[in-house]
Amino acid sequence: MPRSSLLAFLCLAVFINACLAQTDQFPWSWGFQGSEARQQHRFHSPKACRLENLRAQEAARRIDAEAGCTEIWDQNNEEFQCAGVNMVRHTIRPRGLLLPGFTNAPKLIFVVQGTGIRGVAMPGCPETYQTDLRRSQSAGSFRDEHQKIRQFREGDLLVVPAGVSHWMYNRGQSDLILIVFVDTRNVANQIDPFARKFYLAGRPEMMERGAREAEGRSRSVSTGEKSGNMFSGFADEFLEEAFQVDSGLVRRLKGEDDERDRIVLVDEDFDVLMPERDDQERSRGRYIESESENGFEETVCTLRLKHNIGRSEHADVFNPRGGRISTANFHNLPFLRQVRLSAERGVLYSNAMSAPHYTVNAHTLAYATRGSARVQVVDNFGQSVFDGEVREGQVLMIPQNFVVMTRASDRGFEWIAFKTNDNAITNLLAGRVSQMRLLPVGVLSNMYRISREEAQRLKYGQPEMRVFSPGRSQGRRE
Amino acid sequence: MPRSSLLAFLCLAVFINACLAQTDQFPWSWGFQGSEARQQHRFHSPKACRLENLRAQEAARRIDAEAGCTEIWDQNNEEFQCAGVNMVRHTIRPRGLLLPGFTNAPKLIFVVQGTGIRGVAMPGCPETYQTDLRRSQSAGSFRDEHQKIRQFREGDLLVVPAGVSHWMYNRGQSDLILIVFVDTRNVANQIDPFARKFYLAGRPEMMERGAREAEGRSRSVSTGEKSGNMFSGFADEFLEEAFQVDSGLVRRLKGEDDERDRIVLVDEDFDVLMPERDDQERSRGRYIESESENGFEETVCTLRLKHNIGRSEHADVFNPRGGRISTANFHNLPFLRQVRLSAERGVLYSNAMSAPHYTVNAHTLAYATRGSARVQVVDNFGQSVFDGEVREGQVLMIPQNFVVMTRASDRGFEWIAFKTNDNAITNLLAGRVSQMRLLPVGVLSNMYRISREEAQRLKYGQPEMRVFSPGRSQGRRE
Amino acid sequence: MPRSSLLAFLCLAVFINACLAQTDQFPWSWGFQGSEARQQHRFHSPKACRLENLRAQEAARRIDAEAGCTEIWDQNNEEFQCAGVNMVRHTIRPRGLLLPGFTNAPKLIFVVQGTGIRGVAMPGCPETYQTDLRRSQSAGSFRDEHQKIRQFREGDLLVVPAGVSHWMYNRGQSDLILIVFVDTRNVANQIDPFARKFYLAGRPEMMERGAREAEGRSRSVSTGEKSGNMFSGFADEFLEEAFQVDSGLVRRLKGEDDERDRIVLVDEDFDVLMPERDDQERSRGRYIESESENGFEETVCTLRLKHNIGRSEHADVFNPRGGRISTANFHNLPFLRQVRLSAERGVLYSNAMSAPHYTVNAHTLAYATRGSARVQVVDNFGQSVFDGEVREGQVLMIPQNFVVMTRASDRGFEWIAFKTNDNAITNLLAGRVSQMRLLPVGVLSNMYRISREEAQRLKYGQPEMRVFSPGRSQGRRE
């Protein structure tokens, strides 16, 4: 009996202890507070940002490679510089391999089209990941050990931490189209607000013109100048000794005479080493992608680095007549907490409209994946800083707290929006669950000099939420 | 028996587990370490700060409104720019309403005088807060749903997170005077080190001249230029469709022809919607402000956003002949952890002196609420960077680690000091609990080339702490 | 029975609860993720960094003092400014005391040579630390109370938080040589990216020329200009009243006519106050340094502020023919989490080589303590940004993600490398546990256009890890 009492006491003590511990932590693990307290760790622009004239921007330059092409946005425009963000689009043809490399800032990649595999060399996993090569045909009894290989497909959002190298390969039948968002003002980047890509192989054309030019160097860097990979600058004898290989192999390592640029065509039997080719038939590869959702089995080396936000069944907001919005944030993709980023996938049907809103705690870099829309953005002076069309392939940067409204064209509008906070919070200004609903009718009537009845109309007139169906306007003048 | 043993083992395992977990965390939840490790996330000035000549500054400009006025400090002076802070003072006449709006940086508000109510539209609480409208007279059976309404009174410190809109209303009989501290270099602000205020209504005069001018735009912004609210810049048809209202209401929404500026006079029956008018009779409104201090019942939507530091019974340091100091930091107002700020309320009686001290981990922006004092500030070169009077209505920025001494005038001195750390640490240099007491006498005698007896006098001569009584000087020469 | 069941249920509930809590936290407490999520909180350079020509740099200026000298590096060179780091070397002669002072940024100190004691005035420990003065001879029954005194010796890494004053004393027979690393872009520094040292005593020569010159002041600051301590700038009557001392003592406090600079010679009986002189005979002083490794007994005031990385038995990597590397990070010195810094002590034997590698999440400031080496550094364009000798007394800044290789000279090479992350992660590019081993052979053969057999050689040719033995090159051409 006394023993049971002791047990009971102990248990209770532990229970209370645990509860208190949780209470103590909740500001760090829940919604709004978490976002304020833990996750907003980014640099802002040291100078005043000029944000009176935002522009929908297309890729500024295209670099062709053996098995695809890379299009880059100008890193030096005012909006991108202010927000500290950048964008790149890769088109990888079937059997194309994007060479391994890493960047001094974290990246999010949205798979616009296609399917593929990739390797992410996560540090903290120094032991190689073993893959069962039962289906290997050529290598006989040799068993290659290498890092985990990860599959991805259209609609996936992929994470790449700063300083971590990764490669991507198109194993599908169609072109693989990837939109890469780089967060150059992320705290993970300790150098300066410019992206620097380090390649492990090849001799890709320089793409960081911005950074170089901003350095104001007298030596001009002409567009198209070939760069080197991270081994190119070392002395041959250093590399020979380090790798214990001969000078011929060192020349290959340094990428001399390599004209394929960053996306190379892979020879026929490359795929032999990749198990589970038939992933299209299965929803998840058994050996490749046994990513457990069970917290107990997951370790740092098996953490999920992707989340599908393309499919409508995953939508957070869904209006059958208006469209849908899906979000990837630290709640459904915990690794985003590490890179302090999130993303939103949106679809507006023909002529549908998204509610006026602003993002409380993040900048937004939106890329139009399909269709077009008329977008309006308003700043703190109540002035329009953007009013125009945004079409497929264009990017618009919407600064933190700036208010935005979007109406899809007849063709509809689809976008992927990257946000500089792993728990970006959207405040709606009209419709259900909006700021207007939070205000007492008495405050509304006085702030807008309207009657109490008008205030009620303003507050309750729009019954839909976030995505508004088209054609319900009662006062539309067009 | 074996079952009990298993139980005991389990319990013990859990207990140890929990203890270890706590140990692992303690650097993040206790005093000094917490401040170093978790809470100091702010930008510093990218350029060298010129801090040899600090100035006590008064408001630079005054903007009159229908029911009060707003005075602003120059955002572009060297000290404010270096520290990334700004200050605004609102004077709201009885029945005056400060229009709802939000800023891209967190704010602290000290209630210098008066009493009022406010609404804070906390995101993460999308469900409206229901208020019991039993006393409503006009609306009949209509029950309005809106956000929580919060009361405040003289001596309260109020928190406003970045990007969160709030309104304030003077329900008292005298003017409501508010001092607003804006932390523009806070990490919550991702744009640039300038405050941008977004209004939901009205057409207030531009107050962010600094930011605009710093942008070096050719288009001149004349003082007094009217701005717009966040709806002003949108097309009418967008707003009509979004709110499902007619064009007349949209014009009201956009604030056209609204000359009342940001503080408007409310019509007679505004208060009808506010329950518990008789708060002066009660210490806490039952329905309005049932803010639980009990962690188990609190949720994100009921978190306390205020703390009273005006009353002497809350003082952290109290010297009946010298004065008192009260502090609001994350210990007594946990929400400060979210905005990484704290505040100190000080009162020095006639001719009393505060101990020489510096703030280890924060800048200080001090506003004199009453009386005057002679203040001296010394930099790292041992040079005086401020030596002068600070009077009621003036602001002095004291940089991190700079040493300060204050002696109240005959009239005494009262101030509110805002600090850029939610756990700002003050190191005292004289008196009880000071740095001198930490040093061995042997070190003191050698560092100052004095005898051991003199070192003891230096160390133990001043028996008071933080606030020194007047007139005890033995060597005073004046 | 039902009671036992309840107990069992409770226990299980707690157990699961605790496990989940841990799972929830593990991204914040383990290896890689921790580093990304919690620990990388530093400023980067707001402008593009010019990093094409790194230089091995020697101290730029030397300031002689009564009992030693201080050598300082130029704070304004491109590399140091970009990384936001700075370096100082103190040489303290026997019985020399480095005057107490604090800096607006955290520091790491490596003890290159000698032994000593120091005091660190940790805030959050306002109560004085009591030392048992049983051996005190002169003071009779007087018992002095002061802060904890901490011992250190050659090979120790010492931590000094921002804004916390400390003093150091050479109690050994030989010169005490200290290398001080200052992290000026650390978030703990809220002013600007320059170090500001505040002295509590003396009148040391200005060493922060950089900051002053960068301010572009017309008033020229000539080298050698005497500065003052933090009391120098106050009015005499303020200090007299605050300390309750006479004007003679105030003049001493202000350091007037003090020509000893920052390192002063201590009179004979200084040591009397220091208990446990015989620390050379004991491994740890019983009264002075009873630093418990046991988490349960440690409090904030007894936290370890040092870790020995000099001795070979503590090496993390050890190759009997190549050398060794020891690391101090938050795992073995938890306080580093507070200052977000770590350090690496390296020894390469004659002609040994370190593997090509880069630091994922930190800059590196390496100081050569002995010998010399040929070092090569390559940037993201594959271009060599440094290729030269680094000798004893020189410093090289290696930016985040830049790739480095080192080969010791015949005399061998020893260094201390300071890193701007408390969990700096090194990615190796050759040898065992390298990036090459993570890549599938099929990817390697395609990225380098080599055969599968050559890819295997590249991957497995070098069997050693991190530190490579000399003379094993098969293709070396020298």
Solvent exposure ordering (accessible area, 1.4 Å, most first) of A:314, C:307, A:363: A:314, C:307, A:363
Within straight-line cross-link reach of residue C:419, lysines at Cα separation under 17 Å, skipping those fewer than 8 residues along the same chain: C:107, C:306
Innermost chain C residue relative to the axis carrying C onto A, by Cβ distance in angstrom: C:46, 2
Other-chain or far-sequence residues with amide H under 5 Å of residue A:202's (modelled H): A:255
FRET efficiency, 1/(1 + (r/R0)^6) with R0 35 Å, evaluated for residue A:316 and residue C:76 via beta carbons: 0.10
Radius, Kirkwood style, for segment A:351-468 when every pair of distinct Cα atoms is counted (Å): 15.2
Teacher prompt: residue A:237 distances to equivalent labels in other copies, 7 Å Cα→Cβ, nm: 7.6, 7.6
Inter-copy label distances at residue B:61 (7 Å, Cα→Cβ; nm, one decimal): 4.1, 4.1
Solvent exposure ordering (accessible area, 1.4 Å, most first) of B:453, A:52: B:453, A:52
Karplus-derived HN-Hα couplings along segment A:339-356 (A = 6.51, B = -1.76, C = 1.60, θ = phi - 60°), whole Hz, x at Gly and Pro: 9, 6, 10, 8, 8, 9, 9, x, 9, 10, 6, 3, 6, 6, 10, 9, 4, x
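With Cβ to Cβ distances under 9 Å as the rule, what net charge do the other residues near residue A:326 carry (K, R +1; D, E -1)?
+1
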Residue B:251 accessible area, assembled protein chains, probe 1.4 Å, Å²: 120
Separation of alpha-carbon centers, segment B:63-103 and segment C:171-207, rounded to whole Å: 40
Theoretical FRET efficiency, 1/(1+(r/R0)^6), r = Cβ-Cβ of residue C:113 and residue A:47, R0 51 Å, to 0.05: 0.65
Chain pair B, A: total accessible area buried, heavy atoms, 1.4 Å probe, Å²: 9100
Segment C:410-464-segment B:399-478 distance, computed between alpha-carbon centres (Å): 57
Other copies of residue B:370: label-to-label distances in nm, shortest first, labels 7 Å along the beta-carbon direction: 6.8, 6.8
Under 23 Å from residue C:226, Cα to Cα: lysines that are on another chain or at least 8 residues apart: C:197, C:254
Backbone HN-Hα couplings from phi across segment A:377-393 [Karplus 6.51/-1.76/1.60, Hz, Gly and Pro as x]: 10, 10, 9, 5, 8, x, 9, 6, 9, 8, 8, x, 8, 10, 10, 3, x
Heavy-atom accessible surface of segment A:353-478: percent carbon and sulfur, 1.4 Å: 42
P(r) histogram, all alpha-carbon pairs of segment C:380-420 included - 5 Å bins from 0, percent: 5, 16, 30, 25, 16, 6, 1
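The values are calculated or read from the model by the stated rules, or taken from the named source; none is laboratory data. Not measured: the values here are computed from a predicted model. Quick reminder, even Gly has a Cβ in these numbers, built from the backbone with ideal geometry, and neighbours come from all protein chains shown. Calculation scope for accessible area: heavy atoms of the full protein, side chains included, ligands and nucleic acids excluded. Shrake-Rupley method; radii C 1.70, N 1.55, O 1.52, S 1.80 Å.
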